Amino acid sequence: MWLWFHKLSSPPYAYRTVGLMRPWLFWPAILLMIVGAFGGLVLAPEDYQQKDAFRIIYVHVPSASLSLMVYVVMAVAAAVGVIWRIKLAHAVAAACAPIGAWFTVATLVTGSIYGKPMWGTWWEWDPRLTSELILLFLYLGYMALRASFDDTQRADRASAILAIVGVVNVPIVKYSVVWWNSLHQGPSISKLAAPSIEGSMLWPLLTMMLAFILYFGAVLCDRLRGEILRRERNASWLSESIASS
Amino acid sequence: MQSSVPTTPGLGNILMLVMARDLRLAVRHWDQVLQPLMFFVIVTTLFPLAISPALDELRRIAPGVLWVAAMLASLLALESLFRPDVEDGTMEQWVLSGQPLSLLLLAKTATHWLLTGLPLVLMAPIVGTALGMPQSVWPVLAATLALGTGSLSILGAIGAALTVSVRRGSVLLALLVLPLEMPVLIFGARAVDLAMHGEPVAGPLNLLVALLLFFVSLGPFAMAAAMRISVES
Amino acid sequence: MNLRDVLDMGDYGVYVWSCYGLVLAVLVLNVWLGKRSLAEQVLSARRRLKIADSTNSESSSPS
C-alpha cells in the first residue's frame, strides 16, 4: 500500500492512474444523481410543514456538505505538501479550490431560493448561510493568494499556510456564527435544518451525497491532471502520455 | 589565557533588543504611529454623518461601529509591521540568523500592538462616548478591545507575512485577514452590546481570552513559515 | 404522483426547479471547466514539446 502511494507521487504514474480512475468516478456519480434526484423529487413523500419545498434539500445539503468537505481535503492536501514536500499534494490542493468554491456558490444560491418561500425573504443572516458566505471568502482568498505569486512553488507553500490557518479557523467561525445568531432567536432551530427525516426521505439524500462525492472525485481528476501537466513543464515523460491522451 | 570568543546574547536579550529597536523607530516616526489612530477616529465620525446625529440611534450601533473601525484601523497599521524590514534586507538576516524566527516575529507583533492596538483601546471610550455609549460600559469596551486587537494583530501579522512580497498586496491582505477575524469581531462587539443592556459578558469575554491564547501560541509558527516563503528569492 | 404534481410541486415549483436547474448548471459547468483546463494544458504541453523537438533536431543536424 505504501509502495503504491510512493509510486503515485511520481507525476507520470499519477497522471495515468488518475486518468484511468476518472470514468469510474464520473459515471456512477451520474447514475446515482439520477436515482437520487428521482427519489427526492418523486418518490419521497411531501413534508408535513414545508410541503414540497423541502425537496430542495436534496441539492442544497449535498452542496453544503461538499463545500466544507472540499475545503478540508484542500487543507489536508496542502498540509501534506508542506510537511512531506510532495508536489502532487500541492497540485491536489490547487485543483480542489475552484470546485469547492462553486459548491459554496451553489449552496448560497439554493439556500437563498429555499429561504424565499420559507422565510419570505431572499436572504437571512442565519448561521448556516452566514458561515457558507465566510467559507466562500476563504476560498476566494486562497485562490487570490495563489494567483499573486508567479512562482508555482512559492504559491503552493504560501497558499498552504493560508489553507491550514483557514481550516483551523473554520470551527471557530462556525461556533461564533451560531452563537451570534442564537442571541437573537433564543432557542434556535436553524431555519434550514432538514425537516424531521424519515426513511423514505433519507435514502435519496444519502444517495445524492454519495453522488456528489463521486462527482467531486471525477472533476478533481481532470483538474489534477491539468495541474500535473502545468507543473511538469519540460519533463520527458510528457511526449508519450500526451500523444496517447 | 583568556578566551576571546565573543558570546552571543541570549534569546531573551535578543527579543528585548528587537522590541527596543522597534519602539525607538516608532518614536522617531511617531506620525506613522498616529495615522491608524486618526483613521479610527475619522471612520467612526462617518457613521453619525451617514446615519443620524441622534444619540439614541447611534448608541444602538456604537459597539459595532467601534469594532469595525478598530478592525479596519488595525489592517491599515499592518503595512508598517513587516514591510520596512523586508525591504531593507533586515528580515532576510533574521531568517538566516538561526534564531527562532517565530519568537522574533512574535516580539515584533507585540511591539506593534503596543504602538497601534493599545492607542485604540485608550481612544475607544472617548469615541464611544461621542456615539452615545454610557460610561458604565467603558471597562468592558476596553477589555474586549485589548483582547481583540491582540488577536487581530496576530492574524494580521500572519496575513502580512504571506503578502509582504506581493506588489500592492494591501487589498489582498484585507481579503485574506478579514474573514479570519470575523469571530473576534462577533465576540467583541456583542460583548459590548450585552454590557450596554446590563447582561453578563463572561461568555464572550472568556472566548476572546481563549482565542487570544490560541492565536498567540500557534500564530507565530504560521508567521515564520510565511515569512520564509516571502523572503526567499 | 402524476407529472402535473411533479412540475407544480404544490405551488413551490418555481423554487424547487430553479434550485435543481441551478445546481445542474453548476455541475455541468464544473465538468466543462475541468475538461477545458486539462485540454489547455495538453495543448500547451504539445506546443512546448514541438518547439523542443525542432530545436533539438536543428542542433543535432550536422552543420
- [ ] Considering only the stretch C:1-52, state which residues are polar (S, T, N, Q) and not in a helix (DSSP H, G or I).
- [x] C:Asn2
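So which helices (runs of 4 or more DSSP H) stay within the stretch A:136-245 end to end and still have 2 or more residues that are under 30 Å from B:Leu175 (Cα atoms) and modelled with pLDDT under 95?
By residue number, A:152-185, A:199-231.
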Open item on the list: Restricting to the stretch B:114-153, count the residues that are over 14 Å from the mean Cα position of the chain (by Cα), more than 20 Å from B:Asn206 (Cα to Cα) and open to solvent by less than 30 Å² (accessible area, probe 1.4 Å).
Closed with: 7
TODO: Give the residue, chosen from B:Val177, B:Val209, that is more than 8 Å from every other protein chain (Cβ to nearest Cβ) and open to solvent by 10 Å² or more (accessible area, probe 1.4 Å).
DONE: B:Val209
TODO: Filter the stretch A:173-183 down to the residues that are surrounded by fewer than 18 Cβ atoms within 10 Å (Cβ to Cβ) and not small (Gly, Ala, Ser), then identify the one that is farthest from the other protein chains (Cβ to nearest Cβ).
DONE: A:Val178
Task: the stretch A:141-160: number of residues that are facing chain B (nearest Cβ under 7 Å) and open to solvent by 20 Å² or more (accessible area, probe 1.4 Å) - done: 4
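Residues checked against (1) under 26 Å from B:Val27 (Cα atoms); (2) out of contact with any Phe, Trp or Tyr (no Cβ under 6 Å at 6 or more places or on another chain); (3) assigned to a loop (DSSP other than H, G, I, E, B); (4) at pLDDT below 95:
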residue	(1), (2), (3), (4)
B:Leu81	yes, yes, no, yes
B:Val86	yes, yes, no, yes
B:Thr109	yes, yes, no, no
B:Met133	no, yes, yes, yes
B:Ser136	no, yes, no, yes
B:Ala146	yes, yes, no, no
B:Ala160	yes, no, no, no
B:Val166	no, yes, yes, yes
B:Val171	no, yes, no, yes
Open item on the list: Which condition from (1) away from chain C (no Cβ under 14 Å); (2) in contact with an Asp or Glu (Cβ under 8 Å, 6 or more places away or on another chain); (3) of a type outside the set (Gly, Ala, Ser) is the one that A:Tyr71 breaks?
Closed with: (2)
Open item on the list: Against the conditions (1) open to solvent by less than 40 Å² (accessible area, probe 1.4 Å); (2) at the interface with chain C (Cβ under 10 Å from one of its Cβ atoms); (3) more than 15 Å from C:Val26 (Cα to Cα), where does A:Lys116 fall short? Just the number, please.
Closed with: (1)
Open item on the list: With the requirement that a residue be closer than 16 Å to B:Leu81 by Cβ and either touching a Cys at 6+ places or on another chain (Cβ under 6 Å) or not hydrophobic (A, V, I, L, M, F, W, C) (or both), what does the stretch B:161-181 give you?
Closed with: B:Thr163, B:Ser165, B:Gly169, B:Ser170, B:Glu181
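The rows are residues; the columns are (1) of a type outside the set (Ser, Thr, Tyr); (2) farther than 24 Å from B:Leu155 by Cα; (3) within 18 Å of the chain's Cα centre (by Cα).
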| site | (1), (2), (3) |
| --- | --- |
| B:Leu15 | yes, no, no |
| B:Val65 | yes, no, yes |
| B:Val68 | yes, no, yes |
| B:Ser80 | no, no, yes |
- [ ] Scan the stretch A:82-102 residue by residue and report those that are crowded, with 22+ Cβ neighbours inside 10 Å, within 11 Å of chain C (Cβ to nearest Cβ) and in contact (Cβ under 8 Å) with a residue 60 or more places away in the chain.
- [x] A:Ala94, A:Ala95, A:Ile99
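The values are calculated or read from the model by the stated rules, or taken from the named source; none is laboratory data. These numbers come from a predicted model, not from an experiment. Ideal geometry is used to build each Cβ from the backbone, glycine not excepted, and the neighbour counts take in all protein chains shown. In case anyone asks, the SASA skips ligands and DNA or RNA and just uses the protein heavy atoms, side chains included. Shrake-Rupley method; radii C 1.70, N 1.55, O 1.52, S 1.80 Å.
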